[in-house]
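Have a look at the structure below before the remarks.
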Amino acid sequence: MAHPSQLGFQDAASPVMEELLHFHDHALMIVLLISTLVLYIIVAMVSTKLTNKYILDSQEIEIVWTVLPAVILILIALPSLRILYLMDEINDPHLTIKAMGHQWYWSYEYTDYEDLGFDSYMVPTQDLVPGQFRLLETDHRMVVPVESPIRVLVSAEDVLHSWAVPSLGVKMDAVPGRLNQTAFIASRPGVFYGQCSEICGANHSFMPIVVEAVPLEHFEKWSTMMLEDA
Amino acid sequence: MSLAKPAMRGLLGKRLRFHLPIAFALSLVAAAAFKYGVTEPRKQAYADFYKQYDATKEFNNMREAGIFQSVRPTGE
């Protein structure tokens, strides 16, 4: 989860998020390059009374300030397209989970082998125990096996929602009547938080997402236990 | 002895010829500083983290700390 006054991204917990982080650093470096140049030129031009009223054209500078931005755009586009295609790779998921958005909770269905489904409501602030995070905890978490490609099919039962987990680099709109697909691999075990990312009514801020990545044997025990409890 | 005639033309051009190379150089320095101060250390930090990462050990530590819902600490 994010910590107070955090400016940057959360630590990456999936390979795709790591790539997105590095791409963002690359793009920010280019932004810094352009901003420094422009700021220096603005200060240099504003701090003089010298003018030239008779400039009509200059082929040389026109060529420079056409070619240079084109080169910069290519330097941004190539890594960007690389990540875009990386995210769309055929990834042969080990598990498919359906995440359905409701007003105002998520429900998860694990129907690959048996019929496991449960709702995931936010834990109200007054019910939190010490160590839990306000507005982020849920009563039932989406448990996944670590280091396995997971496919998530996202949809909604009423209005638009969006299933997002920043540290996994995942965000997918939940549209009623439509099945959207996304995928991720949790690189390490842990608990990863997200929040609904499409305005959906009064409690839009109070339907968080919690993904728990555990080793496969523990995932299997958990899913067996959940089926027995159902 | 008469004074040399001062430069009366091309003053803005002279200022531009002085400042523009500095502007370009400074912006390249800023980009290089960001690349070697932020980007490369971050890539290295992630590589170092996963080089020695023991998922089982970390999982057990997290489990005993009680942060998981699906797996309780041993003894519970």
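Couple of notes before you dig in:
- Cα-based Rg and Dmax for chain B, where Dmax is the largest Cα-Cα distance (Å): 30.3, 103
- Phi-based couplings in Hz for region A:94-105 (Karplus 6.51, -1.76, 1.60; Gly and Pro marked x): 7, 8, 10, 10, 9, 10, 10, x, 10, 8, 9, 7
- Value of D in µm² per second that Stokes-Einstein yields for the protein assembly as shown, Kirkwood Rh from Cα pairs, at 4 °C (1.567 mPa s): 56 µm²/s
- Partner lysines for B:Lys14 [C-alpha distance under 28 Å; skip if fewer than 8 residues away on the same chain]: A:Lys49, A:Lys53, B:Lys5
- Beta bridges assigned by DSSP with both partners in chain A are antiparallel in approximately 70 percent of cases.
- Amide H to amide H distances under 5 Å link A:Leu95 with A:Arg151, where only residues 5 or more positions off or on other chains count and H is placed in the peptide plane.
- For A:Gln103, net neighbour charge (Lys/Arg +1, Asp/Glu -1) across residues whose Cβ lies under 10 Å away: -2
- Of A:Asp127, A:Asp88, A:Asp57, the one that fluctuates the most in a GNM where chain A has Cα springs shorter than 10 Å: A:Asp57
- Taking a ≥ b ≥ c as the square roots of the eigenvalues of the Cα gyration tensor, region A:13-86 is classed as oblate, since a/c reaches at least 1.5 and a/b does not exceed b/c.
- Rounded to whole numbers, the Karplus 3J(HN,Hα) couplings from phi for region B:51-67 are 4, 9, 6, 10, 4, 5, 5, 5, 4, 4, 4, 5, 4, 5, 6, x, 8 Hz, using 6.51 cos²θ - 1.76 cosθ + 1.60 with θ = phi - 60°, and x at Gly and Pro.
- Computed from the Cα positions only, the extents of region A:81-230 along the three principal axes stand at 43, 34, 29 Å, in decreasing order.
- Estimated dipole of chain A in Debye, rounded to 20 [Cβ of Lys and Arg +1, of Asp and Glu -1, Cα centre]: 1140 debye
- Normalised contact order of chain A, rounded percent, pairs of Cα under 8 Å and 6 or more residues apart: 21 percent
- Qualifying lysines (Cα of each under 24 Å from Cα of B:Lys35; at least 8 residues distant if same chain): B:Lys43, B:Lys51
- Within region A:93-227: Cβ-based charge dipole about Cα centre, in debye rounded to nearest 20 (Lys, Arg +1; Asp, Glu -1): 400 debye
- 16 Å Cα-Cα reach of A:Lys171 towards lysines, excluding residues that sit fewer than 8 places from it in its own chain: A:Lys98
Every read-out reported here was derived from the displayed coordinates using simple, explicitly stated rules and does not represent laboratory data. Model, not experiment: these values are computed from the prediction. Using ideal geometry, Cβ is built from the backbone for each residue, glycine included, and neighbour counts are taken over all protein chains shown.
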